[in-house]
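Structure first, then comments.
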Amino acid sequence: MTKKLINPKTVFNSLQYGFSQAIETSGTRQLFLSGQVGVNAEQETVTGGMYEQTVQSLINIEHVLREAGGDLSHVVMLRIYIKAGYDSDEEQLAITNALKEKFGEMPPASSWIIVTGLSLPEWLIEIEAQAVLN
């Protein structure tokens, strides 16, 4: 699978926020991941705030991808649902930092959506992913 980032200079620089405007891929095997939240395998919400929940969500995505024979480099799209009230510049910077740490120089495309709430009140973020594996 090859992956090409598309970030035209005529659109704002999304790389500074840890995502690309678009991804072009040549692969055909697609994987659609359910939304992942900041809980561990024992279904315990991680301690901390937005950064910690974002990192745990991405770790969960890594685990699912690994089970399917992939890794984060195969992710082409994220949909990030952020709980209203936790969408300040500081909270968004925490998300950005986690994305940059996990994806480095090849970030996927993404949409960030503010929602009134998630399934449990302590959850601050939920991340869906799409990956192309070959």
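Read the figures in this text as sums done on the coordinates, not as results from a lab. Owing to the predicted nature of the structure, the values given are computational and were not obtained by experimental measurement. Here Cβ is always computed from backbone atoms with ideal geometry, including for glycine, and neighbour counts include all displayed protein chains.
Each of the peptides 63-70, 80-87 was scored by the mean count of other Cβ atoms within 10 Å over its residues; in descending order, highest first, they stand as 80-87, 63-70. Of the beta bridges in the range 3-132, as assigned by DSSP with both residues counted there, near 70 percent are antiparallel. Identify, among His74, Thr25, Val64, the residue whose Cα sits farthest towards the positive end of the charge dipole of the chain, taking +1 on the Cβ of Lys and Arg and -1 on the Cβ of Asp and Glu, with the dipole about the Cα centre. Working it through, the farthest residue towards the positive pole turns out to be Thr25.
Fully extending the segment from Ala68 to Asn134 would add 22.6 nm, taking 0.36 nm per residue of separation and subtracting the current Cα-Cα distance.
Packing, taken as the mean count of other beta carbons within 10 Å per residue, orders the peptides 92-98, 19-25 from highest to lowest as 92-98, 19-25. Once the Cα atoms are used to define both axes, helix 89-103 deviates from the longest principal axis of the chain by about 50 degrees.
Relative to the dominant Cα principal axis of the chain, helix 50-67 is inclined by about 50°. Distance between the 7 Å Cα→Cβ label points at Glu44 and Leu120: 1.1 nm. Note on percent of Cα pairs over 22 Å apart: of the candidates [x] 44; [y] 34; [z] 26, the value calculated from this structure sits at [y]. The range 106-123 and the range 12-90 have Cα centres separated by 9 Å. Entry note, the chain: relative contact order of 38 percent, from Cα contacts under 8 Å with a spacing of 6+ residues.
Here's the list of lysines a cross-link from Lys9 could span, going by alpha-carbon distance under 27 Å and ignoring same-chain residues fewer than 8 apart: Lys100, Lys102.
Distances between placed amide hydrogens fall under 5 Å for Gly27 paired with Thr2, all partners being 5 or more residues away or on another chain.
Under a model in which nothing but the beta-carbon of Lys, Arg (+1) and Asp, Glu (-1) is charged, the chain shows a dipole of about 660 debye around its Cα centre.
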